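Enquirer: Here's a structure for you.
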Amino acid sequence: MISIKTSREIELIRTSCQLVADAHRAVRDLIVPGVTTAELDRLVERLIRSRGAEPAWKGYHGYPATICASVNAQIVHGIPNDHPLQNGDMIGLDIGCRLGGYYGDQGYTYPVGDLSPETWRLMRVTLESLYKGIEQARPGNRLSDVTGTIQAWVESHGYYIVRNFVGHGIGRKLHEEPQVPNYAPLEKNPRLKPGMVICIEPMVNMGTEEVVVASDNWTAAAADGLPSAHYEHVVAITSSGPEILSVRLEDETASLEPIRQKV
Ligand code: MF3
Ligand code: CO
């Protein structure tokens, strides 16, 4: 069963998501060569707790940190550590919190210093695929209109969809129905209805869809060691179309522009 949220519940999810967006904003300017992901983790945990919320991942199936920090070939679920980031790295930050009984969840891949044109292009195409998918998240469409659109955009640029991990519904629980893969066709392909709230999160590899999980049992990386990008928004389906709950609009263009300029 896919739960249909009331407008009050959607506002509570939005409030959680806005705290997560604030956390992204607080760390994005600190992502420079030399900083460690453990430092970013401490900062985000402090911010989330200072606002009366809890980190969503900490303790989830034993996950040990507040953020997931996935560097270069790492796709998702990278555990923060004390290695300084280096010029030319890219880092996916996935942040979640629980506030007022509802979850917020947002992922974004950031450049560290100067990136190669190939890495910028991967980030741009992945972010674009997310927005192409979001455009399809409207009543009357089926879930596969979202997921197939993401897949088509990614594959037409020569990249690979990660199939081992998927997006999800969100609300009182972090992971609710439906599962939201980044490909079509789908085994379960519900029609989208107003009040559904889903996390759409394309994970895109440069050279293979094959994934390896590290001995920490969390960190998932592209098997060929080439970079991987991940972007995630929480989207409410409303009668007038998709509504992004996870970011305020002033950030949207700001984050797309540097990517457009470089490619
Ligand atoms: N955004 C991820 C998700 O949707 C983050 C989960 S990290 C975990 O599942 F540690 F909680 F698993
Ligand atoms: Co998620």
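Enquirer: Inspect the stretch 129-139 for any residue being of a type in the set (S, T, N, Q) and modelled with pLDDT of 95 or more and give the result as yes or no.
Expert: Scanning the stretch 129-139, I find at least one residue that is of a type in the set (S, T, N, Q) and modelled with pLDDT of 95 or more, so the answer is yes.
Enquirer: Within the set of pairs 6+ apart or on separate chains, which have a first residue in the stretch 161-174 that is closer than 17 Å to residue 14 by Cα and open to solvent by 40 Å² or more (accessible area, probe 1.4 Å), a second that is at pLDDT 95 or above and in a loop (DSSP other than H, G, I, E, B), and C-beta atoms under 7 Å apart?
Expert: Close Cβ pairs (under 7 Å, with a partner that is at pLDDT 95 or above and in a loop (DSSP other than H, G, I, E, B)) amount to 172/101.
Enquirer: I'd like the full set of residues that are under 17 Å from residue 167 (Cβ atoms) and part of a loop (DSSP other than H, G, I, E, B), limited to the stretch 108-138.
Expert: 136, 137, 138
Enquirer: If you don't mind, there's one more thing I want to ask. So residue 66 ticks every box in (1) among the polar types (S, T, N, Q); (2) farther than 19 Å from residue 230 by Cα; (3) out of contact with any Phe, Trp or Tyr (no Cβ under 6 Å at 6 or more places or on another chain) but one. Which box is left unticked?
Expert: Answer for residue 66: the failing condition is (2).
Enquirer: Just to be sure I understand the filter: pairs with C-beta atoms under 8 Å, separated by 6 or more residues or on different chains, first member in the stretch 30-54 and farther than 16 Å from residue 79 by Cβ, second member open to solvent by 60 Å² or more (accessible area, probe 1.4 Å) and among the acidic types (Asp, Glu). Which pairs pass?
Expert: Pairs that qualify, where the first residue is farther than 16 Å from residue 79 by Cβ and the partner is open to solvent by 60 Å² or more (accessible area, probe 1.4 Å) and among the acidic types (Asp, Glu), are 30/39; 48/54.
A quick yes/no check of all residues on (1) more than 30 Å from residue 58 (Cα to Cα); (2) crowded, with 19+ Cβ neighbours inside 10 Å:
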{"site": "101", "(1), (2)": "no, no"}
{"site": "108", "(1), (2)": "no, yes"}
{"site": "112", "(1), (2)": "no, yes"}
{"site": "116", "(1), (2)": "yes, no"}
{"site": "133", "(1), (2)": "no, yes"}
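Enquirer: Next question, about the same structure. Kindly indicate whether residue 77 is open to solvent by 40 Å² or more (accessible area, probe 1.4 Å), closer than 21 Å to residue 222 by Cα and near ligand 1 (Cβ under 9 Å from one of its atoms). Walk me through it before giving the result.
Expert: Working: open to solvent by 40 Å² or more (accessible area, probe 1.4 Å): yes; closer than 21 Å to residue 222 by Cα: yes; near ligand 1 (Cβ under 9 Å from one of its atoms): yes.
Yes.
Enquirer: Could you please let me know if residue 210 is modelled with pLDDT of 95 or more, of a type in the set (Asp, Glu) and open to solvent by less than 50 Å² (accessible area, probe 1.4 Å)?
Expert: So residue 210 does not fit the description; no.
Enquirer: With respect to residue 69, is the statement that it is open to solvent by less than 10 Å² (accessible area, probe 1.4 Å) and hydrophobic (A, V, I, L, M, F, W, C) true? Explain how you work it out, then say what you get.
Expert: Values: open to solvent by less than 10 Å² (accessible area, probe 1.4 Å): yes; hydrophobic (A, V, I, L, M, F, W, C): yes.
Taking the combined requirement at face value, the residue satisfies it.
Enquirer: Being open to solvent by less than 60 Å² (accessible area, probe 1.4 Å) and of a type in the set (S, T, N, Q) is the filter; apply it to the stretch 175-207 and report the residue that is nearest to the chain's Cα centre (by Cα). Steps first, answer last, please.
Expert: Filtering the stretch 175-207 for residues open to solvent by less than 60 Å² (accessible area, probe 1.4 Å) gives 176, 178, 180-184, 186, 189-190, 192, 195-207.
From what is left, the residues that are of a type in the set (S, T, N, Q) are 182, 189, 205.
Working: 182: 12, 189: 22, 205: 14 Å.
If we take residues in the stretch 175-207 being open to solvent by less than 60 Å² (accessible area, probe 1.4 Å) and of a type in the set (S, T, N, Q), then 182 is nearest to the chain's Cα centre (by Cα).
Enquirer: Could you look through the stretch 44-66, keep only residues that are farther than 30 Å from residue 161 by Cβ and in contact with a helix residue (DSSP H, G or I) (Cβ under 6 Å, 6 or more places away or on another chain), and pick out the one that is surrounded by the fewest Cβ atoms within 10 Å (Cβ to Cβ)?
Expert: Filtering first and then ranking leaves 51.
Enquirer: Starting from residues that are open to solvent by less than 10 Å² (accessible area, probe 1.4 Å) and either within 18 Å of residue 93 (Cα to Cα) or modelled with pLDDT under 95 (or both), keep the ones in the stretch 231-254 and report whichever is farthest from the chain's Cα centre (by Cα).
Expert: Looking at residues that are open to solvent by less than 10 Å² (accessible area, probe 1.4 Å) and either within 18 Å of residue 93 (Cα to Cα) or modelled with pLDDT under 95 (or both), I get 245.
The values are calculated or read from the model by the stated rules, or taken from the named source; none is laboratory data. On a predicted model such as this, the values are computed, not experimentally measured, just so you know. So basically every Cβ, Gly included, is an ideal-geometry build from the backbone, and we count neighbours across all protein chains shown. Areas reflect the complete protein model, heavy atoms only, side chains present, ligands, DNA and RNA absent. Shrake-Rupley method; radii C 1.70, N 1.55, O 1.52, S 1.80 Å.
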